Each structure stands twice: as C-alpha cells, then as structure tokens.
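The values are calculated or read from the model by the stated rules, or taken from the named source; none is laboratory data. Every value quoted in this text rests on a predicted model; they were computed, and no experiment measured them. Cβ placement follows ideal geometry from the backbone for every residue including glycine, while neighbour counts extend to all protein chains displayed. These area figures cover heavy atoms from the full protein model, side chains too; ligands, DNA and RNA do not enter into them. Shrake-Rupley method; radii C 1.70, N 1.55, O 1.52, S 1.80 Å.
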Amino acid sequence: MMKAISRSMFAASMMLTAGAAFAANTDVTVGLQLEPPHLDPTSAAAGAIDQVLYSNVFEGLTRFGPDGSVNPGLAESWTISDDGLSYTFKLRAGVKFHDGSDFEATDVVFSLDRARAEDSVNAQKALFAGIASVEALDAGTVKVTLSDANGSFLFNMAWGDAVMVAPESIDDIKSNPVGTGAFRFDSWSRGDKIELARNEDYWGTPARIEAATFKFISDPTAAFAAMMAEDVDVFYSYPAPENLMAFEADARFTILSGSTEGETILAMNNKQAPFDNAKVRAAVSYAIDRNAIIDGAMFGFGTPIGTHFAPHNPDYVDLTGNSAYDPEKARALLAEAGLADGFKTTLKLPPPSYARRGGEIIAAQLRAVGIETEISNLEWAQWLEQVFRGYDYGLTIVSHTEPMDIGIYARPEYYFQYDNADFQTLIADLAVEADPGKRSGMLKQAQTVISEDYVNAYLFQLAMVSVVKTDLKGIWENAPTQAIDLTSVYWAD
Amino acid sequence: MLIYALKRLRSLVLSLLVASVVIFAVIEVVPGDPAAFMLGINAQEDTIAALREELGLNLSVYQRYFNWVGGLLSGDFGISYTYRSPVAEIVTERLWVSLPLAAYALSLTVLLAFPAGILAASRRGSVTDLSVMGFTQLGVAIPNFWFAMLMVLAFAINLRWFSAGGFPGWDEGFWISMKSLTLPAIALALPQASILARVMRSSLLDTLGEDYVRTCRAKGLSKAQALWRHALRNALIPVLTIIGLQFSFLLAGAIIIENVFFLPGLGRLVFQSISQRDLIVVESVVMLLVFAVILVNFAVDIAYALVDPRLRRGR
C-alpha cells in the first residue's frame, strides 16, 4: 500500500518535471546496483568488476563486440597452425599502459602465466587450462601453444578474466587498476562511486565522452528516484521493472531491453531421489508454465528457453516443445514413476528477484500437480555453501550468466550432478573441434541431449532492461558479456 | 575514588574481552566461505583453496582469534577479504559520512525536541501541549524510510532542490556535503526528536511536581523562573541518557536511511560485509561499536561518581 501511494505520487510529480531538460554534457553517470569488491577482473567472479572495467580500462588480446562476436583487441591479427595447437598473435604497435609503460609481448606472457599458475586465484581458471606454453617471439609477437586444439580459444581470450595486466602495476591492481583501455581509472569512493577519465593517449579511436562515473545504488526505490531526479544518465540492468511504465511515458528516458547470456533454470539435484528418475524431472518440466513466470516474476521481460543455450546465438535450437506446459502429462509421468500421490522437496532460492518471485510461482505450479515444496530464501554465501558445494537441495532457481556455458553439463560434480558419459565425450570432442560447421552441429546435439534428459527445467533467458536518457547514444542494448562498454557512447545534441 | 575508577576499568577490560570472544564465535558459526563467494560458480576447487590460503583462512580458529585480537591491540584491524585493503582505512572512510550524519541528525533532534518538550510541559493540558503530543505521536509512528521517500519525491524529483541521494565527499566542499546530508538527517531526526520531546516533557513534569520546586515557588519565584533555574537542570538527567543511546543508534542504525539515499555509511558497510562474508570487517566494526558503547558507559560511570559522592564508596 505504502509503495502504491509513493509510486502514484512519483508518477504525478513526473508530469510536472518532464521537459525540464538540462544541457547535454561531456560526461556520463552510470547507475549500477552492485559495487565491485575490488578492481582486479582477473581474480574474482563479481560481474560488477567487469561492468566497470572491461573494455573501458582493461583490454584483452581479443574483445567482445556488442553482438557477442569476437574481434581483435590488443592483438591486431593472428595465425593458427594447421594442427590448431599454436596461435601466433601480432600485437598492436604503440600501445601504452596508463602509467606510460609500453605494452609488449612480455606483458602477454606475464598475464597468461599468472592466470594459469599453480597459485592463481582466477575465477575462470578453466579458460587457460589448455595452454601449454606462452612465449614472446619479439616485442610485438607472442606464440601460445596449446596441449589440445581448442575451438573456443579466441573466445576465451576475450573474457574479462583474460585481460592484459602489467607486472609493474600488479601489486596495486585491486585499488589502482592500470590497463590499456580508452579510459583510465581516476578515483574510487568505496560504497559510493568510481570515476574514470578519458585516456588521451589511447591507441585506438578515442572515447567521445571525457569522463564516466559509476554510481552504486542498491535499493530499487532509490534507483527510481536517482533516475527521475536525473542524478544518473543510465541505469544499467534496472532493478525495479514494476515502475518501468513511468519511464516509458516520459520523453526524457528510453528503455533498452536486450538479451543476456543468463539462462535461468530450475535446477534439480539429479543424484537425489526422486530427481534421479528422469520421469520425475520430466514431470517437473511439464508442470511449469514459463510464460506465467515471465509475466508474473519478470513483468514480461524474458524469452522462454527449452535448453541451456542463449536464443540469440545462431546455433540455438528451440526445444521448448519438449516440455510445453501440460499439468496432465506431469501428473501421468509422476504416476508412472510411482509417485501418483506426489512428493515433498526443498526449493532453495538465492536473493535475485527472478528467483524469489519466480520461486513463489513455481511452487504454486508444482503444487497443482502434487509436488509440495518447502521454500527457503538464502543469501548468496549460504546458497554457495548449501546448494552449490553441499548438494543439499532438491530444487533451486539460478541464472547462469557466463557465455557459452553448456560445458558445465559435462562436469558430474557440478551442483546439479548430471552424469552422462556420452555427453561428456561430446563436449570433449567439441573442445578440440575447430571446423565451424561441425561445431555448430555438435552444439545443437548437446542442447538436444540435455533437453531430452530433462536435466533441469529450463525457464527463460534473462532480459537486460536498462533505462537511458534519450539523448545518450551508443549504450549496448544486449549483454554478450558483463560489460558496460563506454568507448563509443556519446550525447546527441 | 581511585579504587572505584580502577574497579570500573577492570570491568571495562573484562567486558571488551568477553565481547571479543562472543563476536568472534558468533561470526565463526555463520555458514558460507568468503573465498567461494569471491570466486563464484565457475571456480575450480584448487583456485578456491589458493584463495583461502592467501586470505589466511586455513589457520586454526585459535590462531585466527589471537591474530585478530593481537592486531586490534596494536591498532591493526586486518585486511578486508573482499576489498583487499586495510579494514581501518575502509571504516575511517565510512566514519567520515556516518559520524557527521549522526551528529547532524542529533543536533536537529535536540533543536526540535527541547523547545517542544519544554513548551508542552510548561503549558500542560493546553492546546500547545496537546498538539506537541499529537505530532510526536505521529513522528514516532511514521516509518522514517517512508518519510524519506516522500522528501525525495518532493525536494529531489519535483523541486530539484536536492539530489536524490549520494555523497559528494568532503573534498568537494563543506556546504555541498552538508546539503547532501540534510534530507537524510531530517529523516533520521524526526522519530528521535519525537521520542526525545516526550521524554523531556514527562521528565520535566516529574521534577515540576517535586518538593523543592514548590519551595522555590513559595519563596517567590515565578513558574517560569522555577522551571528554568531549578527544574530543568534536574529534568535533563534522563534526557541526556536518552541522547547518549540515540547517538549510538544513529551511528550504526541508519542503514535503511543510508539505503534510501545511497550514502556510503557504516551501516551499509556492515550489511554488505555480512552478505559478502567479509567477516573480518564485520568483526572489527562490531568490536569498534562495542568499544565505543563501553567507553561511553565508563565515562558515564565516572561522571555519576563525580556528581554523586555516595557512589564512590560501596559497590
């Protein structure tokens, strides 16, 4: 009630202020819900680190484009040996780190060796697992030798966890990141904001804005107020979809709705009874009405998926038909599995709203076919401990935001504990396959296998909804990786 | 007197020791591994082990406790697990927001509560008294975050007098920073002022009924003179106690208001650290607050003894 009142008053006030636009300027303030814990993208999983720094401050050998394609980054070009085992990168000339030192082949050797070292704390260490050696041929050429051919090596090198860092600045990287990007790190008021300034000596096309501020606003109501008061110019991944209508009606703002790499799934503990029975898993999948969840929990934002793959990927196969909403069939499958009277299980929910709101709807849908769930709300740290590492759960909801992560189904110890030798062989073969046509076929096959095995119930692809000032152009609509690339952002006059 | 002070000092040290054990033990049993949290769901087990090693989480519970307490004694609060910078530095940054905010809110509280309370007590039963009582009832009842949102709506979104939140930092200028703390301070002060005004009123009414006030009146002082010269000073004792409590509450308990105005204060730091399992920050901040409270109590104990000779003997 209180919220309803304040919202309608906000809406009323909005009418009064619409049109009070301010002069366009040369800097941008970006609102974000989460603050980075520190500023080293190569030693933590927090998406907020990449959002602030990826491509803006730090660059890798290759980089993601707005459509998720892999483009040349600090490596201008490369050649791949016929056996697919060695990659020779030609580095861009004249690239300097923000502290003035040159970016050279030795920095590449340092960065990659650091990431794959024994005591490395890289959150995506698997990206570097196949590297056998890294050597500098001369100041501008690096040769990377792999132990097995790896079709996704260039893709892996574009990740935020694979950016280039320098040995001279590594000790302070967590509070003073020094990269090669179009912006250099300026200051950080912890708990409040991070400021970046344009790098005037950038090797590529310089950024069009002079300065960028990332402001951390965790409360959804405060996010609404900050946007309405024009304290921020863009709110990335806007946390309060319930008041998007107010922005839609206001000419000052534009809503960007794009795709992400976040497959949101109702994960099932495949080794725990009764989910060790494929019929039960199928029953759960049939019991779920994806559209009701997208409408009810996500305010209509999201694309239904039938497997663990992003729909905007050219290799995506629409398999939602394998588990189209059919409660009758779900009940029949339960009866076949000897559970005609249903059963009880746990549903453990991490903090994001897709899980908390989606969980309530899913619990109701499962109850309709006789499955009783006991919901518990967990913090992330508890979720990691109980669900992810402890396997102590029946059902959970989580969005897997890493790009191209279908390979997790080949890891039998991964939290949903899917153990299928054929699938594991398929992924191992895929890893060493370089032919694009064959890769595509294998990816499609992999999607089909997990869909038909009903490993998890696949819900929807998370949408990324951002609110942007209408005059601000060049913000990425889609999120192929967790990045807020500001290098080509500008103000229209 | 000296023996009394030493006794109080002994109990202060004992309280701190007990508090450190309790805080450490409570936080130790919180489930969740800081290293696993940092590295997310794609991390390999060996990477998590490497980070645990780096953070010193592999030491035994006793070693970690003594390292922590030993550090505290020498002024070293340790290194934050998530931010990876000294806890003392992080806490100091937050105190630069939280202390001024608490002081600002407390000043507003006193400025509002004293006149209102005194006025209401001196005109007991009048329309003034009734309206003070009515408004303070409302002030206690209204949730302050809701009131804060209304102010944002009115002054930030509509009138554009203030920004919706955030803190520019003291380097940007004193007045700019004070301005950004104004709405939060008002939101925090409103319920506290209401409570304090009611305490002020009832305390003053109590003293006004005392024999010595009647004596004052009998020797010819006017009602106002009796109130200002004699009753008020004595009525202040419970009021000061409340103010002391309110200050520690405002320092650590402003978290909801900090969220509404996205201020980088101490409350938000603790909240964030708990969810990120940055346990060393939580332990140190809680310990610091306990220390502050115990120290204030110690000072109050000593002050009581100075005022009241009976306390110096006995106990």
Gaussian network model of chain B, Cα springs within a sub-10 Å range: biggest mean-square fluctuation belongs to which of B:71, B:253, B:220? B:220
Project the alpha carbons of region A:57-172 onto their principal axes and report the range along each, largest first, in whole Å. 38, 32, 31
Averaged across the residues of A:156-162, what count of C-beta atoms belonging to other chains lies within 10 Å of each residue's C-beta? 0
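Could you compute how fast the protein assembly as shown diffuses translationally, taking Rh as the Kirkwood radius over C-alpha pairs and applying Stokes-Einstein at 20 °C with viscosity 1.002 mPa s? Give it in µm² per second.
Working: Rh = 29.8 Å.
Estimated via Stokes-Einstein, D reaches 72 µm²/s.
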Given a 1.4 angstrom probe, I'd like the percentage of the accessible area of chain A that is carbon and sulfur, rounded to a whole number. 50
Chain pair A, B: how much accessible area is buried, both chains summed, with a 1.4 Å probe, in Å² to 100? 4500
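What pairs in A:271/A:348; A:271/A:329; A:125/A:174; A:215/A:469; A:174/A:215; A:125/A:444 have C-alpha atoms more than 20 Å from each other? Walk me through the numbers on the way to the answer.
Values: A:271/A:348 16 Å; A:271/A:329 23 Å; A:125/A:174 18 Å; A:215/A:469 16 Å; A:174/A:215 18 Å; A:125/A:444 26 Å.
Over 20 Å apart, Cα to Cα: A:271/A:329; A:125/A:444.
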With no solvent and one equal point scatterer per Cα, compute the Debye intensity ratio I(q)/I(0) for region A:368-493 at 0.18, 0.19 Å⁻¹ and report its log10, rounded to two decimals. -1.11, -1.16
Convex hull of chain B built on C-alpha atoms - directionally averaged projected area, nm²: 22.2
The base-10 log of I(q)/I(0) that the Debye equation returns for region A:259-463 at q = 0.18 Å⁻¹, one scatterer per C-alpha, is -1.31
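How about region A:398-493: which chymotrypsin sites (Phe, Trp or Tyr not before Pro) there lie in a loop by DSSP and see at most 11 other Cβ atoms within 10 Å?
Numbers: sites: A:409, A:414, A:415, A:416, A:418, A:423, A:454, A:458, A:460, A:476, A:490, A:491; in loops: A:414, A:415, A:416, A:418, A:454, A:476.
Passing both the DSSP loop test and the Cβ count: no residue.
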Can you give me the relative contact order of chain A as a percent, contacts being Cα pairs under 8 Å and 6 or more apart? 21
Could you go through region B:139-147 in sequence order and give the Karplus-derived ³J(HN,Hα) for each residue, using 6.51 cos²θ - 1.76 cosθ + 1.60 with θ = phi - 60°, rounded to whole Hz, and x for Gly and Pro? x, 6, 7, 6, x, 5, 5, 5, 4
How many partner chain Cβ atoms sit within 10 Å of a residue's Cβ in peptide A:377-390, on average, as a whole number? 5
So how far, in whole Å, is the C-alpha centre of region A:65-106 from the one of region B:172-242? 71
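Given a 1.4 angstrom probe, what's the average accessible area per residue across region A:259-463, in square angstrom?
Values: 7720 Å² over 205 residues.
Here the residues of region A:259-463 average 38 Å² of exposed surface.
How much of the pair distance distribution for region A:43-120 lies past 14 Å, counting alpha-carbon pairs only, in percent?
Working: 2164 of 3003 pairs.
Percentage above 14 Å: 72.
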Distance between Cα centroids, region A:233-265 to region A:414-471: provide it in whole Å. 26
Rg/Rh (Cα only; Kirkwood hydrodynamic radius) as it applies to region A:86-231: 1.04
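Express the accessible area of region B:67-166 per residue in Å², computed with a 1.4 Å probe while the remaining protein chains stay in the model. Write out the running numbers ahead of the final one.
On the way: 4600 Å² over 100 residues.
For region B:67-166, the per-residue accessible area is 46 Å².
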Relative intensity, log₁₀ I(q)/I(0), of region B:223-291 from a Debye sum that treats every alpha carbon as a point, q = 0.17, 0.29 Å⁻¹: -0.69, -1.19
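Given a Förster distance of 51 angstrom, what is the FRET efficiency for residue B:107 paired with residue A:493, based on the Cβ-Cβ distance and rounded to 0.05? Please report the intermediate quantities before stating the final value.
Details: r = 46 Å, r/R0 = 0.91.
For residue B:107 and residue A:493, the calculated efficiency is 0.65.
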Threshold 20 Å², probe 1.4 Å: give the residues of region A:228-273, in number order, that are less accessible with all protein chains present than with their chain alone. A:228, A:229, A:231
Please list, ordered by chain and number, the residues whose modelled amide H lies under 5 Å from the amide H of residue A:96; skip anything fewer than 5 residues away on the same chain. A:103, A:203
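Report, in cubic angstrom per residue, the convex hull volume of the C-alpha atoms of region B:194-310. List each step's numbers first, then the result.
Working: hull volume 15.2 nm³, N = 117.
Looking at region B:194-310, the number lands at 130 Å³ per residue.
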Within chain A, which is the longest segment that contains none of the GluC sites (Glu not before Pro) sitting in a DSSP loop with at most 10 other Cβ atoms within 10 Å? A:201-412
Inter-chain Cβ neighbour average for residues B:142-153, partner chain, 10 Å: 4
FRET efficiency for residue A:368 and residue A:453, using Cβ-Cβ distance with R0 set to 22 Å, rounded to 0.05: 0.35
Calculate the FRET efficiency for residue A:145 and residue A:119 from the Cβ-Cβ distance with a Förster distance of 30 Å, rounded to the nearest 0.05. 0.85
Stokes-Einstein D in µm²/s, Kirkwood radius over Cα pairs - region A:220-341 at 10 °C with 1.306 mPa s viscosity: 92
HN-Hα couplings for region A:59-76 via Karplus (6.51, -1.76, 1.60; θ = phi - 60°), in whole Hz with x for Gly/Pro, come out as 10, x, 4, 10, 9, 7, x, x, 9, x, 6, 9, 10, x, x, 6, 8, 6
Using θ = phi - 60° and the Karplus relation 6.51 cos²θ - 1.76 cosθ + 1.60, list the HN-Hα couplings for region A:242-251 in order, rounded to whole Hz, with x at every Gly or Pro. 5, 10, 5, 4, 5, 6, 4, 7, 10, 5
Region B:138-231: mean projected area of Cα convex hull, nm²: 8.9
